[in-house]
Amino acid sequence: MEPVSTGAYVIVSAILFTIGVLGVLIRRNAILMFMSVELMLNAANLALVAFAREYAQVEGHVLTFFVMTIAAAEVAVGLALIVAIFQSRETINVDELSDLKQ
Amino acid sequence: MEGLFNLAPLVILAPAVGLLINLFIGGRLRERSVGWIASIAAGTSFVFAAVLSFGLARSPAGGAVYVTDWVKLPLAGVDIAWDLRVDTLSVTMMLAVAGVGTLIHVYAIGYMHGDAGFRRFFVYLNLFLVAMLTLVSGNNYLVLFVGWELVGLCSFLLIGFWLHKPERDPETGEIAGYKNTAAAKKAFIVNRVGDFGFLLAILLIFWTFGTLTYGPPVAAHGEEDGAHGGAATLAAQEAEVASEDGLCVPHGEGVFEMAEAFMAAGCDVKLGSSRVPIGAMITLITLLMILGVTGKSAQIPLFVWLPDAMAGPTPVSALIHAATMVTAGVYMVTRSNVLYELARGVSVLPFGLTSPGVLTIIGALTAFMAGTVALAQWDIKRVLAFSTVSQLGFMVAAVGLGGYIAGMFHLVTHAFFKALLFLSAGSVIHGVEHGHHHAHDAPEGPEEKTFGYRHGVLDPQDMRNMGGLRQKMPATFWVYLIGALALAGIVPFAGFWSKDEILLDAYSRGDATGWFALILLMTAAAFTAFYMGRQVFMIFFGAPRTQAAAHAQESPPIMTRPLVVLAFFSAVAGFLNWPGTHSFGHWLQESVAYAHIADFNLALALLATLLALLAIFFAALLYYWRPALRADGADRLGGLGRLWRFLNRKWYWDEFYELIAVQPFNGIGRFLAGRLDGDFLHDWFHDTLIWRSFDRAAAFLGAFDLKIIDGAVNGLGWLAAQAARYLRRVQTGYVRQYALGVLVGAIVLLFILVLPLLIANSG
């Protein structure tokens, strides 16, 4: 079976990233925005491993692990924040969390 | 007996203690106690002075009593101690001052009875005694000057004693001024002129001699033979007197001995960049002293304060302005007799005058001038005031003629009879005032004449309001008569002997100055007899001219008793210096180096007495055998017309000073205050130049500050605020917008990074 080309991986990555961006921009639910951010990170991971395989370099793989680690930490902090916000405000609609505007 | 001299400070201390007692607890004492404390203090002083005189009787050379160090500047070589001098001259003055002072204190207890300022009066009187005794007892010119200034202060305080008493305008009856305070100020200011001269004299003495101590009186002429024994020491002394280039070198203890030595050496004194011969220097010193004498002893041209000073209470007129303070000038010249006698040999002044000659002329002119003015006064005290000026002229002329004994003798006798006359005049005034009150209680009787009335107010000092007081006030009459006879110079009263000695000194001088003085003094003596006759006849003889005089009352014994004592001394004080024994002369010779004893001259005495009797006869002709006033109320001498007015207006001296001193001074004052200070300094310089230009500059700078500086700062602030207003809108608070912003930014960055690559690849 002919291996999947790098270009296809990159296209899938771009589609995923675009979905993530649109999710962040469109959704008002903080958790969904958070999931969209994760999607963007994973799209980036996909692109990294795809190019790592294309150029036979190991740095892309390593960097992917870093991104995953940071994403896990980010999820831990982010979810804790969202839970705290919900406990105090009874909502996680980001449009209602605009107290810091002028 | 010299140990007795150490009591000298007590003479001054006694009145000082009286002063302090009255000052601190007198307010709680009864009036009479205050008066007696002051009188006893004065009496104690007299007792100590008497004790000193007993000491002097044993050791007549006298001595100095050290009290305390005073001005001491070791580097400058200044060491002036507060020493008291006990010698026959100072003790004579102490006895006269304390003796007459005590009697006047006692008299004042009665005279000032009921006055609101009773305690203040006695505090001042005691202070005056302290000052006067300091003046006469000091052993150097500086202590003398302290006393000199202090008596001036006391004089000022006591002339202005009734400072609230207003003088009413004779036309409207409104308050026109305050005579007492005006007189006090006049006395003080006129005296400043004289004191200034005296101060300069003291400074020059210090400059020349390096000390102010009198030092021992120079050996009298008779003792010079004994001094020749030590020729070697004399030569040694002379070597130190003058330096090699002929400058005087201060070398001794006393001013007088150095003055003699300098004159003998004929050395010079450096004054600024010039050299002044010692003779000229001494002449200058003595002339400046004469200015002090004319102020304090009321001589031409500075006598004008003394007649006005009679506004003060009568005991003050008697004590300060007749008996003691005004004689300070005579005392000072007598004390400085060495300097005057040295100056007599130096002729550096124009017309061949010498400084004692100047003094003689001033004294003689004053005696004559004041004598004429006293002829034409109505105020009882004013007559006596001018009489005092005239008699002081006698004394000053006497010391100027070198008759130090005659001058001092007249000083002492005058202290007795003039104090007596003033106090008796006070008694008369007192009696007339009481009569005035009684007359009001008893309105019956003839219509009141109004000679001396001012707006319905009786002037109790105006002799026109008196007359016939002989029966009403017999005690006062008799003592007044004794005083008047003594003053007029009738044998055997005190004034005859002392005045005769002065005339004799003028006669025996023999030069032009002597003759000039003799003629003027003779005339003045005749005038004296005339105006005293006029006064006695106007006051005590004839019919009472007002109800007040008709109801006059004799004064209480506390006032008349001191008068009797003074009258006794006025009668017999001439025996102090009885021709033949001359005990007073020999007594003074111990301390006055150049005193000489004048012999009695029968012809001169007869002439003077004859003139006096003739003058009294004329006075009786005008004022006794006819009514003392003409029918229209004018004086018998009023027929003199213009001359009468000239005399009545006191030779227009006050107007003269008004013209040459007061008006120019006021003019200068007005110019300085109005033009220079008001118009120029205040209005122009301050208001226009400084204030207004500052104002203008401030207005300009204020505008600059507000518009330019503040504008720039505020503009920046405004700019920031405006920018913030627009930029604020970016902060919506919607996190998705921020995310979109990040996205856009990322895309832009991407383009910026990738575009060059694309361009490079496509190129």
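Data for the structure
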read-out	value
B:Val71 long-range amide H proximity, modeled H, under 5 Å	B:Ile80
Out-of-range pairs (alpha-carbon distance over 32 Å; input B:Lys179/B:Lys418; B:Lys165/B:Lys296; B:Lys72/B:Lys179; B:Lys165/B:Lys650)	B:Lys72/B:Lys179
Phi-based couplings in Hz for the range B:123-128 (Karplus 6.51, -1.76, 1.60; Gly and Pro marked x)	4, 5, 4, 5, 4, 4
Sequence of B:Thr92, B:Thr523, B:Thr211, B:Thr68 once ranked by neighbouring C-beta atoms within 10 Å, starting from the fewest	B:Thr68, B:Thr523, B:Thr211, B:Thr92
Potential extension, B:Leu719-B:Ala61 segment - 0.36 nm per residue separation minus Cα distance	226.4 nm
Neighbour count of at most 10 Cβ within 10 Å plus DSSP loop: longest GluC sites (Glu not before Pro)-free window in chain B	B:448-763
Simple spin-label estimate for A:Asp99 and A:Val62 in nanometres, 7 Å along Cα-Cβ	4.4 nm
Radius 13 Å from Cβ of B:Tyr624, net charge of other residues (Lys, Arg +1; Asp, Glu -1)	+4
Placed amide H near B:Ser591: partners under 5 Å, 5+ positions off or other chain	B:Thr88, B:Leu89
Amide hydrogen neighbours beyond the local backbone of B:Gly138, cut-off 5 Å, H modeled	B:Arg85
Loop sites in the range B:585-651: trypsin sites (Lys or Arg not before Pro), DSSP, at most 14 other Cβ within 10 Å	B:Arg630, B:Arg649
Helix-only CD estimate at 222 nm, as mean residue ellipticity for chain A, using -39500 (n - 2.57) per DSSP H run (n ≥ 4)	-27000 deg cm²/dmol
In sequence order, calculated HN-Hα J values of the range B:295-302 (Karplus, 6.51, -1.76, 1.60; Hz; x Gly/Pro)	x, 6, 9, 6, 10, 4, x, 9
Relative contact order for chain B, counting Cα pairs under 8 Å that sit 6 or more residues apart, in percent	11 percent
Ranked B:Cys267, B:Cys248, criterion: other C-beta atoms within 10 Å, fewest first	B:Cys267, B:Cys248
Highest-fluctuation residue, A:Ala52, A:Ala73, A:Ala43 considered, GNM on chain A with Cα pairs under 10 Å	A:Ala73
Cα shape, the range B:511-568, gyration tensor, a/c 1.5 rule	oblate
Using distinct alpha-carbon pairs, which all enter the 1/r mean, Kirkwood radius of the range B:1-139 in Å	15.7 Å
Cα gyration tensor shape for the range A:6-91, rounded if a/c is under 1.5, else prolate or oblate	oblate
Average beta-carbon neighbours from other chains, 10 Å sphere, peptide B:732-739	6
Cα centroid of the range A:45-102 to Cα centroid of the range B:261-303, whole Å	118 Å
Exposure proxy order (Cβ contacts within 10 Å, fewest to most) of B:Thr372, B:Thr324, B:Thr286	B:Thr372, B:Thr286, B:Thr324
Contact order normalised by residue count of the range B:1-139, Cα under 8 Å, 6+ apart, percent	36 percent
Backbone HN-Hα couplings from phi across the range B:398-413 [Karplus 6.51/-1.76/1.60, Hz, Gly and Pro as x]	4, 5, x, 7, x, x, 5, 5, 4, x, 5, 5, 5, 4, 5, 5
Pairwise centroid distance, computed over Cα atoms, of the range B:1-49 with the range B:462-485, Å	33 Å
Helical contribution to [θ] at 222 nm, DSSP H n ≥ 4, -39,500 (n - 2.57), averaged over chain B, rounded to 500	-21000 deg cm²/dmol
Per DSSP, loop chymotrypsin sites (Phe, Trp or Tyr not before Pro) in the range B:601-691 with at most 10 further Cβ within 10 Å	B:Trp625
The range A:1-39-the range B:515-549 distance, computed between alpha-carbon centres (Å)	146 Å
Residue-span extension gain [B:Lys165 to B:Glu658] - 0.36 nm each, minus C-alpha spacing	175.1 nm
Shielding by other protein chains, A:26-37, mean Cβ within 10 Å	1
Cα gyration tensor, chain B - rounded (a/c under 1.5), prolate or oblate	prolate
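Laboratory data are not the source of any read-out in this text; all were calculated from the coordinates shown. In this text the structure is predicted, and so the values were computed from the model without any measurement. Using ideal geometry, Cβ is built from the backbone for each residue, glycine included, and neighbour counts are taken over all protein chains shown.
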